[in-house]
Amino acid sequence: MRSFKSLMVLILTTGIAHAAGTSGDSSVSVTATGVHSAKGHVLGLLCAEKAKFMGPCFTYTARGDAKEGDTVLTMKGVAAGTYALSLIHDENDNGTYDYPAEGYAYGNDIAFPPSFDGASVKIDGNTKISVKMIYPGAANGGSTGMNFPAPTLNEGTVKTVVRENGLNAELYVPNHSGQLPAILAFGGSEGGMDIARCVYAPLSNQGYAVMVLAYFRADGLPNTLVNIPLEYFKSGLDWLKARQEIDSHRVGIMGISKGGEAALEIAAHFGGIKSVVAIVPSDVTWQGLDFSPNAQPHSSWTLSGKELPFVAFDTSKPYDPSEILLDYHLRSLAAHPNHDEAIIPVENIHAPVLLLAGDDDKLWPSGPMSERVMARLDDHHFSYRHSYYHYAGAGHSCCAGDPSQKRP
């Protein structure tokens, strides 16, 4: 089974051992730190073409025997220029990246999915580079698959592991007096809680309690993002609101990527939510993510036991690893132009809505989809505040710093 993340990394690594670049006179030494084992090989590549990054771009490549701890790769004859760097640890030597067991890294240790600029390194003469390998499947608090560290508890914060009512979650409550506003947070297609955990600390510093919720690929939950009941998220909200330390009238939700899609769905179908934050979201329900053999198309979400209508992935031709997933989503939308039933009815939300996205998202068109959410709210004379913060040059791992554009 492969997630969207594994497919993106597969794009980077397919054919890695066969490419050759323009001859130069520089030697580039890349040290991969944190290599988990001496099994297999570490594969590295430099991509010179921004337009082809995350596609078939293998300007210079290297392959070295894996060594536990640090593994050094050397690329010789590299011409001066700027290149995006990526690596994988192909432990089973099958020539592809196997998620989540195997490790990967990008230039400058940027998060997945990378942008060309973020992963790029400048070569002008002999160069030494060091990057840290990320192993998404590392057990018991290892580095997360999106290059975010495991969270450290703020001073005075109390963590509660939640395994009630079928939930798999963690509640982080800062030191406080009186009842606190709270956020229910969840991530995207990576599954588990790693990404959502990263929002706890900054929100806690602002006086919020944060409940981080897994909804698949975690103990007691489905292994695939297929037909996830929206009622599961409602159970999380109800559990959170019932806590003595939580002000039940000040509870919001925050979702990232597929979680952003879910956040809009949840708020559109359930009341009692004070605010909605959707980061790199979708304006439609997409087909669920199951890449196991012979998997049949189903929705990502269900409500009252029924699948929500969804935009199916285009299967008119086999998936081509050279196609970036942004184009795959755009092609799927074009293949299903009459997908009105799959549009999330955001006009039914009874809370302020905040959207965040970048214009260099290569996973799916989160920017245009956010614009469509805003347009739908405007068309329905949405009475609550709704804002879209746009980050120029940001990819799917947005958003940090000041946005370049705000649509109130």
Here the FRET efficiency for VAL72 versus ASP25, based on Cβ atoms and R0 = 30 Å and rounded to 0.05, is 0.90
Sorting ARG385, ARG376 on solvent-accessible surface, 1.4 Å probe, most exposed first, gives ARG385, ARG376
The aspartates and glutamates whose Cα lies under 12 Å from the Cα of LYS362, excluding any fewer than 8 residues away in the same chain, are GLU323, ASP327
Computed on Cα atoms, the radius of gyration and Dmax of the range 265-313 in angstrom are 13.0, 41
With all protein chains present, the range 256-300 has a carbon and sulfur share of its accessible area (1.4 Å probe) in percent of 51
Descending packing, highest mean Cβ count within 10 Å first, for 163-170, 223-230 is 223-230, 163-170
Once the in-chain neighbours fewer than 8 apart are removed, the aspartates and glutamates whose Cα is under 18 Å from LYS67 read ASP90, GLU91, ASP93, GLU102
With +1 on the Cβ of every Lys and Arg and -1 on the Cβ of every Asp and Glu, the dipole magnitude of the range 198-299 about its Cα centre, in debye rounded to the nearest 20, is 200
Any GluC sites (Glu not before Pro) in the range 333-385 that lie in a DSSP loop and have at most 10 other Cβ atoms within 10 Å would be none
Per-residue accessible area, 1.4 Å probe, largest first, puts LYS39, LYS241 in the order LYS39, LYS241
Distance in Å, no decimals, from the C-alpha centre of the range 46-88 to the one of the range 173-194 is 38
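The values are calculated or read from the model by the stated rules, or taken from the named source; none is laboratory data. Keep in mind it's a predicted model, so treat the numbers as computed, not measured. Here the Cβ is made from the backbone with ideal geometry for all residues, glycine too, and neighbour counts use every protein chain on show. Remember, those area values only see protein heavy atoms, side chains included, never the ligands or the DNA or RNA. Shrake-Rupley method; radii C 1.70, N 1.55, O 1.52, S 1.80 Å.
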